[in-house]
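For reference, the structure discussed in these notes is given below.
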Amino acid sequence: MAVEAVFGDRAILFSVLPHPKAVIGRLIRVGAAKLDRPRRSLADRRVRGGMMVAVMVAGAALAGVAVTFASHAVPHLWLFEAMVVAAFLGQRRVYRAVGEIGRALGKGQIDVARRGLATLDAGAENVRLEPAPVAGAAVRGAGAGFATGVLAPVVWYALTGLPGLLAYQAAAGLDAGLGRSGPKSRAFGRAAVVFFGWFSAPTTCLAGFVVAAAAAFVPAARPARALRMAAAARRSWPEAAMVGALGLAADDRFATGARPGAPQVRQALSIYAVACLMAVGVVAGMLWLTLASGRS
């Protein structure tokens, strides 16, 4: 996490080799082009979509097993494994994007801030070109980015090593590539959406409570409200916690009716930074429990 925070997810190695995320995306596009044909029935497309999810996730896990075995057998190959892990972390990317949105809002550059939402995958195309909706989307994007770009990768790697991390990333790529591809491919992508929802639920839920805890260390944040909103959320736990910590509601308003702007985005960035530090503690605690149970 420290290496990725300083250098980002673009290691020098991936200027020569294709980036792991790009490899997963290319495999998904090729598989969808071969299997998702409009002339096939909806039932057939659902089955084929499920088969693709099973093959992709299992294949990613097996690739992780192979790399792990090789890194233990070949001297210094563990550096390659470390670069692969860093490639799937997005803490620096999210931090930079949220910071740029906050600065753009502070300067009144709404169009620049709105374009920054694309980096967060915060549905920029559906956000109105006004300060409050853009700020609200950035706040929620910071929470979602912490869950998918920080906590989930490190937890899965800590618990299951590279196989679990690659399986999670394959499931996330399938959800993004097939589950959001529009009505024409909804049947084919249904399995990807359901599987990723199940796969990501534990870490996403945990991320919500880590965000709520992080709010306790940020001035003017509201950790109790963040905790209540995270507990009441059905799936978007970290987004709900981030919104609650800033005293916002679903319509991007404060309880007093005022709308958020650059100060709230900067506050969300502070909560995000503290949550990233807490993620290190979460993983350290998991590793300690694993070692302790192994000794007993």
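Any read-out appearing in this document is the output of simple, stated calculations on the displayed coordinates, not a laboratory observation. Keep in mind the model is a prediction, meaning the values are calculated, not measured. So basically every Cβ, Gly included, is an ideal-geometry build from the backbone, and we count neighbours across all protein chains shown.
Couple of notes before you dig in:
- Highest mean packing comes first when the peptides 262-269, 24-31, 226-233, 41-48 are listed by Cβ atoms within 10 Å, giving 262-269, 226-233, 24-31, 41-48.
- Placing +1 on the Cβ of every Lys and Arg and -1 on the Cβ of every Asp and Glu, with no other charges, gives the chain a dipole of roughly 840 debye about its Cα centre.
- Between the residues A191, A43, V274, the greatest Cα displacement towards the positive end of the dipole of the chain, with unit charges on the Cβ of Lys, Arg, Asp and Glu, is found for A43.
- R96 paired with L129, simple spin-label distance in nm, labels 7 Å along Cα-to-beta-carbon: 2.6 nm
- Shape call, segment 97-179: gyration tensor on alpha carbons, a/c limit 1.5: prolate
- Size of charge dipole - segment 35-167 - debye, nearest 20, with Cβ of Lys, Arg +1 and Asp, Glu -1, no other charges: 380 debye
- Efficiency of FRET between L277 and A54 - r from beta-carbon atoms, R0 41 angstrom, step 0.05: 0.65
- Spin-label model, A258/V65: points 7 Å from Cα along the beta carbon direction are separated by 5.7 nm.
- Lys/Arg +1, Asp/Glu -1 at C-beta; the chain dipole; positive extreme among A54, Y168, F146: A54
- Euclidean distance between Cα centres, segment 31-89 to segment 175-232, Å: 22 Å
- For the chain, the direction-averaged projected area of the alpha-carbon convex hull comes to 17.5 nm².
- Ranked by how many other beta carbons lie within 10 Å on average, peptides 98-111, 147-160 from highest: 147-160, 98-111
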